[in-house]
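This report concerns only the one structure given below.
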Amino acid sequence: MLEKDLMILKKLLLTLFIGLLSIHLIGCSSIVTDGSFSPDKQANTQENNTEYKRMEVELVHPSDGDTISVNYKGNRESVRFLLVDTPETSHPRLGEQPYGKEAKEFTRKLVENARKIELEFDIGPQRDKYGRLLAYVYVDGKMIQEELLKNGLARVAYIYPPNTRYVDQFRAIQKEAQQKGIGIWEIENYAQEDGFHPEIIDSKEKETSQADEDCLIKGNIGKEKIYHTPDSPWYEKTKAEMMFCTEEEAVKAGFRPAKP
């Protein structure tokens, strides 16, 4: 009888042990599959919440559209804006380029009117070959690089990995300015991958000037619209209010020929 009771007791203990083990395994499984405890998810969360450190500086003076001078860690430093390029205003070789003054004035107003100026560095070198600091520059929370690109006063340039944190969003902003045709994008092919090309503008101006020289028919607007060819008796005395290259153009514009 005693032996039989022991067998029953052993079975009960074995059943109880198996039940406790199952509960333990189920609990462990729920912990492992819960994403909130995943190391990968914790790493992603930390990455997404990263706030890149900014250093507040004091303005000394604006230098150019893409360069300013500041007091940084007790020293006067020149700061070159990362990933953008504006036309020159006083380059020893390139001289003054179109839209250079506009870019310089735009940056000047931003930094001189700012209550707070901050620098943000990328993960790569913090200085260029000239010893200038390389940084993203903020005025009262707004990044100057983005403002220049929005207004068509800078192009995306000097892309040297790993200093490329904002290059994609800069390119997106530049594309919008190009589509609007504002600033440096008003003249086709002035801003290119290798820099700015004032000769494009000079060439277009020469073409326009040459066209004006070839258009000799004077249009005068008085009580009525009259055009004078070089053969007209009153040609020299006529003050041109419009110029035409052909008599057909003048007629289409509503002018009649002068009487002999």
| task | Could you tell me whether Lys116 is of a type in the set (D, E, K, R) and under 19 Å from Thr86 (Cβ atoms)? | result | no
| message | Give all pairs with beta carbons closer than 7 Å in which a residue from region 173-200 that is free of Cβ contacts under 8 Å to residues at least 40 places away in the same chain and over 13 Å from Tyr99 (Cα atoms) meets a residue that is surrounded by 14 or more Cβ atoms within 10 Å (Cβ to Cβ) and among the charged types (D, E, K, R); count only pairs at least 6 apart in sequence or on separate chains. | response | Ile173/Glu146; Ile173/Lys150; Gln174/Arg155; Ala177/Lys150
| field | Scan of region 232-241 for residues that are at pLDDT below 85, closer than 11 Å to Ile217 by Cα and not charged (D, E, K, R), ordered by number | value | Thr238, Ala240
| message | Within region 134-147, does at least one residue satisfy the condition of being touching a residue at least 40 places away in the same chain (Cβ under 8 Å) and either small (Gly, Ala, Ser) or in a loop (DSSP other than H, G, I, E, B) (or both)? | response | yes
| Can you name the residue in region 148-193 that is on the phi > 0 side of the Ramachandran plot and out of contact with any Gly (no Cβ under 9 Å at 6 or more places or on another chain) and is also least open to solvent (accessible area, probe 1.4 Å) among such residues? | Asn189
| message | Here are the criteria: (1) assigned to a strand (DSSP E or B); (2) of a type in the set (Phe, Trp, Tyr); (3) surrounded by fewer than 18 Cβ atoms within 10 Å (Cβ to Cβ). Tell me which single one Tyr130 does not satisfy. | response | (1)
| Hey, among Ile184, Ile226, which residue is modelled with pLDDT of 85 or more, among the aliphatic types (A, V, I, L, M) and not in a helix (DSSP H, G or I)? | Ile226
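The values are calculated or read from the model by the stated rules, or taken from the named source; none is laboratory data. Just so it is clear, the model here is predicted, and its values are computed rather than measured. Every residue, glycine among them, receives a Cβ derived from its backbone with ideal geometry; neighbour counts consider all protein chains shown. Please note that ligands, DNA and RNA were not included when accessible areas were found on the heavy atoms of the full protein model with its side chains. Shrake-Rupley method; radii C 1.70, N 1.55, O 1.52, S 1.80 Å.
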